[in-house]
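The values are calculated or read from the model by the stated rules, or taken from the named source; none is laboratory data. Here the structure is a predicted model, which is why all the values come from computation and not from measurement. Quick reminder, even Gly has a Cβ in these numbers, built from the backbone with ideal geometry, and neighbours come from all protein chains shown. Surface accessibility is based on the protein's heavy atoms, side chains included, excluding ligands, DNA and RNA. Shrake-Rupley method; radii C 1.70, N 1.55, O 1.52, S 1.80 Å.
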Amino acid sequence: MKFYDPIKDKLIFIGSRADANFWSKHWEQYFEDSDYHLQDFRETFPVRVTKKYLSTNSWVIDAGCGSGSVSIGLAQEGYQSIGLDYSEKTIAKLKKVVTFPNVQFIHDDVFQMERIADGVIDGYWSLGVIEHFWEGYDEILFHAHRVLKKDGMLFLTFPSISPLRRLKSLAGCYPELKVTREPKDFYQFALNKYNVINDLKKSGFSIIEVKGFDAVKGMKDEVPLVRTFLQRIYSSRKFSAKIFRFVFTVIFGRFSGHVTLIVAKKCS
């Protein structure tokens, strides 16, 4: 269920608590298919974005790597890839099933990054991580900045308050939730992208690109009238559905994009 916090200007998603046990169970499904980690992940959007900004053989970390698909795709494309996650069970399984020589998996915490030295990483991916922490993400940005080389690139994604969600909040479509303590079943926020941009600037980054995407999900989750139709499109693996999702995002990404991508450069 979604609530709106008018003080912090965030949507609050209540459901399952996103702790280490939750993610360990969530990622188990990707190890049930023995062929999953043998797939070609080079055409996934994180790899395409990385290629736009970094040359192959660069060191790129996926901080919060989950299933490992991004780390594998980067390695397949020729990057020196590091997958980091705080689910010890997930990292142990990845080490068993992934054998690419230019990818390594590390058990660590994005709030500490104890196993990554200062200024050694060319690119840092944070895919859907910062929104899961009630107390904020300042320490995540601090360590991302610390481990990146000068002019290193940060690729950050998070659910955001799209113009569609903004209209719904102004119309009172979300119940308000004004709390000072973390709710028991807090799952994630949808963040104000302008607040995130300001936080990045304060943390020593310059903003290169801001883009909304996953517009089909953003629309289906917020507009009940089209939910059934768009859910079929969203879940389909057919080529025609992929084309539809791409065109839909091109047209409606700025309006209904579920997720915002920010590309930023370490500048200080």
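For this structure, a couple of remarks:
- Residues that are within 29 Å of residue 171 (Cα to Cα) and open to solvent by 100 Å² or more (accessible area, probe 1.4 Å) within the stretch 220-245 comprise 225, 229, 232, listed in sequence order.
- The stretch 152-186, subset in a strand (DSSP E or B) and at pLDDT below 95, residue nearest to residue 85 (Cα to Cα): 186
- Per-region count, the stretch 91-139, residues among the aliphatic types (A, V, I, L, M), without any contact (Cβ under 8 Å) to a residue 40 or more places away in the chain and closer than 23 Å to residue 187 by Cβ: 1
- Extreme residue, most open to solvent (accessible area, probe 1.4 Å), among residues of the stretch 34-49 that are farther than 15 Å from residue 97 by Cα and in a helix (DSSP H, G or I): 48
- Applying the criterion of being farther than 29 Å from residue 21 by Cβ and touching a residue at least 60 places away in the same chain (Cβ under 8 Å) to the residues of the stretch 179-198, the residue that is nearest to the chain's Cα centre (by Cα) is 193.
- Number of the exception - residue 62 against (1) under 22 Å from residue 266 (Cα atoms); (2) in contact (Cβ under 8 Å) with a residue 40 or more places away in the chain; (3) open to solvent by 20 Å² or more (accessible area, probe 1.4 Å); (4) charged (D, E, K, R): (3)
- Leading residue by the ranking (most open to solvent (accessible area, probe 1.4 Å)) among those in the stretch 114-162 that are in contact with a His (Cβ under 9 Å, 6 or more places away or on another chain) and either within 19 Å of residue 194 (Cα to Cα) or of a type in the set (D, E, K, R) (or both): 115
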